[in-house]
Amino acid sequence: MKTTISRASGFTLIEALITISIAAILASIAIPGFTSMVENNRVSSSSNDFLSALMLTRSEAAKRSISVSLCTSSNNTACSKSLDDYSHGWIIFTDCNGDGVITKTVTTCDLDGDGTNDPDKIIRVHGPIKGISISSAQATDSLTYQFSGRSTNTTFNIGPASDDIRKRITVSITGRARLVSVP
């Protein structure tokens, strides 16, 4: 009868150390690129959210046949006149008098069709975005679309909180919002 001796299989300590060293070197090369990719995705996501808000504001103005505004907000209930950075949050609301501020008292608009004038109505609220800056190049804290879909020429710069502009949204006088990447 022949006996067989089984050999232990596995890695030696030297092989394991070399493998771990190579993995550490590759990770140190890949992590900075991954961080940049995550930041770029956050900027793109925030840009798309804000562009969608502008498009919604314009379409609501045309649908309701009244002015609709988008303003900065730090508390999600009222416009913040001292802010020009939309990353603190924003509110889309009907703006009967076109002043860029939510009027809680009765205005000159009949929003629900019952024959009586109503206060401005909040359409949508967006909370803060951490680590991203969305600022108006003209330092405006609100943007109003007329019932025709027209607005004022405005540019919004979007990037990380370090003021490195990566994307830009331009709103033409006709109200068209366009997103472009900044090289």
Pick from Ser46, Ser59, Ser21: which is part of a helix (DSSP H, G or I), modelled with pLDDT of 90 or more, surrounded by 16 or more Cβ atoms within 10 Å (Cβ to Cβ) and among the small types (Gly, Ala, Ser)? Ser46
Here the residues within the stretch 155-179 that are of a type in the set (Val, Ile, Thr) and modelled with pLDDT of 90 or more are Thr155, Ile158, Ile169, Thr170, Val171, Ile173, Thr174
Among Thr103, Thr107, which is more than 16 Å from Ala62 (Cβ to Cβ) and modelled with pLDDT under 80? Thr107
List pairs: first in the stretch 82-104 and under 21 Å from Ile158 (Cβ atoms) and part of a helix (DSSP H, G or I), second modelled with pLDDT under 80 and of a type outside the set (Ser, Thr, Tyr), Cβ under 9 Å, 6+ apart or cross-chain? Ser87/Ala161
Considering (1) closer than 27 Å to Ile165 by Cβ; (2) crowded, with 18+ Cβ neighbours inside 10 Å; (3) touching a Gly at 6+ places or on another chain (Cβ under 6 Å), say which one Ser67 fails and leave the rest. (1)
Being part of a loop (DSSP other than H, G, I, E, B) and modelled with pLDDT of 90 or more is the filter here, so list the residues in the stretch 131-146 that pass it. Gln146
Would you confirm whether or not the stretch 3-14 contains a residue that is surrounded by 11 or more Cβ atoms within 10 Å (Cβ to Cβ) and of a type outside the set (Phe, Trp, Tyr)? no
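The values are calculated or read from the model by the stated rules, or taken from the named source; none is laboratory data. None of the values given here were measured: they were computed from a predicted structure. Cβ sites come from the backbone with ideal geometry, for glycine too, and all protein chains shown count toward neighbours.
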